[in-house]
């Protein structure tokens, strides 16, 4: 039950994009088409799960025994950056179509604050390994959900006559704000 | 803070860094994807306009296809002869003289030459005009003059003259074929730049009707066919067609054509046409479509 609560809380109530405002750059940047938004979301979920597991191991096996918790930021950034590189190489070797589909987004994920935020939050909430895993999956799917909803709205917007001064970035910000408001409704879910 | 904790911190961070660096280095070696180096080298010599004129998805697709043997070395219409030679050198093959090709509108029925069926007040696009009524000109085969080819040209090589006909600037034209694809009446043709003689009409109507429709139409009279000493021009389905395998570009057919539907480019005429085109460029903005 606890795992389910962590999962739902990460995906909906504390949605990374719409409640914690992490990973805003891909949220605005890669949300023009549902296809690419979904690919980006899945890529982020994938990296989040792996990064969460590895950072948990490093935190509890290296940083805690040496009492180096203060260095978690440096260590996590190091881990995430190298991991993304490794994953990119691996996907390129194993599956060329997947690499072509995700290729552009993978390097973007390296500097995605949602992933670092996830690793730091997991430590902050004192989750154990399984809980961290569920937290990561929930956060990743929540991120995908936010991106896909945003992309869906923006695809529809292409067909709408937006007032001139609202076109482009302005209307995107308005939508993002409205979505964040809508997601506040999930606060009473649990 | 004692020295030991500093050392532990530095050591563990350095160790982590080293560990990941080594891991990435090994992974880079192990997971190396063998990519044909020729693809990268071809990418360096082709123009990189991603125009799609070669028929492949972008320049990378073309380079890939060349290396895989699916495309010819002279397949890049934008790069022309020198790029073809460079690609051939990379691939180690000979190319068979790919001559530069330029686009030409196969219609001379401008505002002055053509007869009208009515007024066209729709969107200023040849495709739109084709969809509703075929524009205001009576000829079903002729140029609509609304400039879809000029809009499609990525190199700004096509201008619509004051007479509402596309004029191709041979120096700017790369032969990418975008205008050929976009013309709803298939009037833009790519020809090798050395072709001097062309039948500038596509009207398949019988002579009597073709005369009514346009003063510069091919009326299928067959004078050119009789005049040609090389048996290179024939009237097929009410339209004179040149067989370029036999044509010697002498231009005798052009001299007998009663409607001047056959063009013979001589040096003098090119100069005159260019001057006319330059004058028309300034006039075109004032002209009504």
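Using only the Cα atoms of chain B, each taken as one equal point scatterer with no solvent, compute I(q) by the Debye sum, divide by I(0), and report log10 of the ratio at q = 0.07, 0.09, 0.13, 0.16 Å⁻¹. So the normalised log intensities are -0.40, -0.57, -0.98, -1.27. Sorted ascending by nearby beta carbons within 10 Å, beginning with the fewest, A:58, A:153 become A:153, A:58. Comparing A:95, A:39, A:31 in a Gaussian network model of chain A where C-alpha atoms under 10 Å apart are linked, the largest mean-square fluctuation is found at A:95. Once the C-beta distance of residue A:35 and residue A:182 is scaled by a Förster radius of 25 Å, the resulting FRET efficiency is 0.60 to the nearest 0.05. Our compactness index for the protein assembly as shown, the C-alpha radius of gyration over the empirical 2.2 N^0.38 Å, is 1.44. Note on the range B:197-264: Cα-Cα pairs beyond 21 Å make up 13% of the total pair count. When A:19, A:165 are sorted by how many other C-beta atoms sit within 10 angstrom of their C-beta, beginning with the fewest, the order is A:165, A:19.
Shape analysis of the range B:1-59 places it in the prolate category; the axes a ≥ b ≥ c from the Cα gyration tensor give an a/c of at least 1.5, with a/b above b/c. For the pair residue A:126 and residue A:93, the difference between a 0.36 nm per residue extended length and the Cα-Cα distance amounts to 8.3 nm. If a/c stays under 1.5 just call it rounded; otherwise compare a/b with b/c (prolate if a/b is bigger, oblate if not). Do that for the range B:1-136, with a ≥ b ≥ c from the square roots of the Cα gyration tensor eigenvalues. Oblate. Solvent-free Debye calculation, one equal scatterer per alpha-carbon of the range A:1-140: log10 I(q)/I(0) at 0.10, 0.13, 0.18 Å⁻¹ equals -0.32, -0.55, -1.02.
Normalise the Debye intensity by I(0) for the range B:37-91, one equal point scatterer per Cα, no solvent, then take log10 at q = 0.14, 0.15, 0.18, 0.23 Å⁻¹ and round to two decimals. Results for the range B:37-91 at q = 0.14, 0.15, 0.18, 0.23 Å⁻¹ read -0.25, -0.29, -0.43, -0.74. Look at A:5, B:90 and count the other Cβ atoms within 10 Å of each Cβ; fewest to most, that gives A:5, B:90.
Bear in mind these aren't lab numbers, they're just calculated from the coordinates by the rules spelled out. All of these numbers come straight from a predicted model, not from anything done at the bench. Backbone-built Cβ (ideal geometry, glycine too); neighbour counts: all protein chains shown.
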